[in-house]
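Asker: My structure is below; once you've seen it, I'll send some questions.
The values are calculated or read from the model by the stated rules, or taken from the named source; none is laboratory data. Just so it is clear, the structure is predicted and the values come from calculations on it, not from any experiment. All Cβ positions, even for glycine, are placed from backbone atoms using ideal geometry, and neighbour counts span all protein chains on display. Calculation scope for accessible area: heavy atoms of the full protein, side chains included, ligands and nucleic acids excluded. Shrake-Rupley method; radii C 1.70, N 1.55, O 1.52, S 1.80 Å.
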Amino acid sequence: MEIYKANVNLYSKTTSSPKAFGFFFILFGAAFIIVAAAILIHQEVFKKNAVQTTGIVVENVQSEGSSGYKTRYSYFDEAGNEYFNTGSSTSNPPEYKVGTEITVYYSIKNPEKSIYKSSTTKIISIVFFGLGGVSFIAGLILFILNRKKAIEWEESGLLAKRKEKGQESEEE
């Protein structure tokens, strides 16, 4: 009877922890993949409805609450109006030196809105896709291993004994 109790406790531990970890990793991975995709999709959609021009880095602004820097740049629209904007990504050291020419995309309808070609944004997206993919796959593996263990227990009859034992204790 002691062997049976040990096996039931082992099954109980193997079905809850891997299932919870698997679920967590799948959610975590999916969230990272969604964020990476959103960043890239936003950039590509903006570029399709924008005009490409050359801008100049005018300053590297220290980001609030961070040791990183955001790129502040200027660019001209087709009418010759100059605009200034600050990128959203932060890096340390700064992504570009002051005076560097960069590729800028500005909105046709609203030239004040712009993005610049940023290697930091691409790196962040790649890292998020990588972390998300690895986490998602790890979660799936945990789910599969958990399911295999459950099938083994069902085939060995220990799961049925566990259920019977649970019904007996409820009747008492």
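Asker: Roughly how many Å is it from the Cα centre of the stretch 81-143 to that of the stretch 22-72, as a whole number?
Answerer: For the stretch 81-143 versus the stretch 22-72, the Cα centre distance is 4 Å.
Asker: While we're looking at this one, here's another question. Just want to confirm a number: the relative contact order over the stretch 42-160, from Cα pairs under 8 angstrom separated by 6+ residues, in percent. Kindly include the intermediate steps, with their values, before the conclusion.
Answerer: Values: 169 pairs, mean separation 26.4, N = 119.
After rounding, I find 22 percent.
Asker: Between PHE46 and GLU112, what length in nm is gained on full extension when 0.36 nm per residue of separation is reduced by their alpha carbon distance?
Answerer: Extra length available between PHE46 and GLU112 comes to 22.5 nm.
Asker: In what order, largest first, do THR71, THR90 sit by accessible area if the probe radius is 1.4 Å?
Answerer: Working: THR71 0, THR90 50 Å².
Listed by decreasing accessible area, they come as THR90, THR71.
Asker: Work out the FRET efficiency for GLN62 and GLU155 from their Cβ-Cβ distance, taking R0 = 45 Å, and round it to the nearest 0.05. Could you put the intermediate results ahead of the total?
Answerer: Working: r = 62 Å, r/R0 = 1.38.
That gives a FRET efficiency of 0.10.
Asker: For THR86, project a label point 7 Å along Cα to C-beta. Then give me every residue of the stretch 42-59 with its amide nitrogen under 18 Å of that point.
Answerer: 56-59
Asker: According to the Cα gyration tensor, what semi-axes, each the square root of 5 times an eigenvalue, does the equivalent ellipsoid of the stretch 50-145 have, listed from largest to smallest in whole Å?
Answerer: Numbers: eigenvalues 237, 57, 19 Å².
Semi-axes (√(5λ), whole Å): 34, 17, 10.
Asker: Another one. I'd like the FRET efficiency for ARG147 and ILE126, computed as 1/(1 + (r/R0)^6) with the beta carbon distance as r and R0 of 30 Å, rounded to 0.05.
Answerer: Numbers: r = 32 Å, r/R0 = 1.05.
The value I calculate is 0.40.
Asker: What is the packing order of peptides 93-101, 133-141, taking the mean over residues of other C-beta atoms within 10 Å and listing the highest first?
Answerer: Values: 93-101: 14.1, 133-141: 16.1.
Answer by packing, highest mean first, reads 133-141, 93-101.
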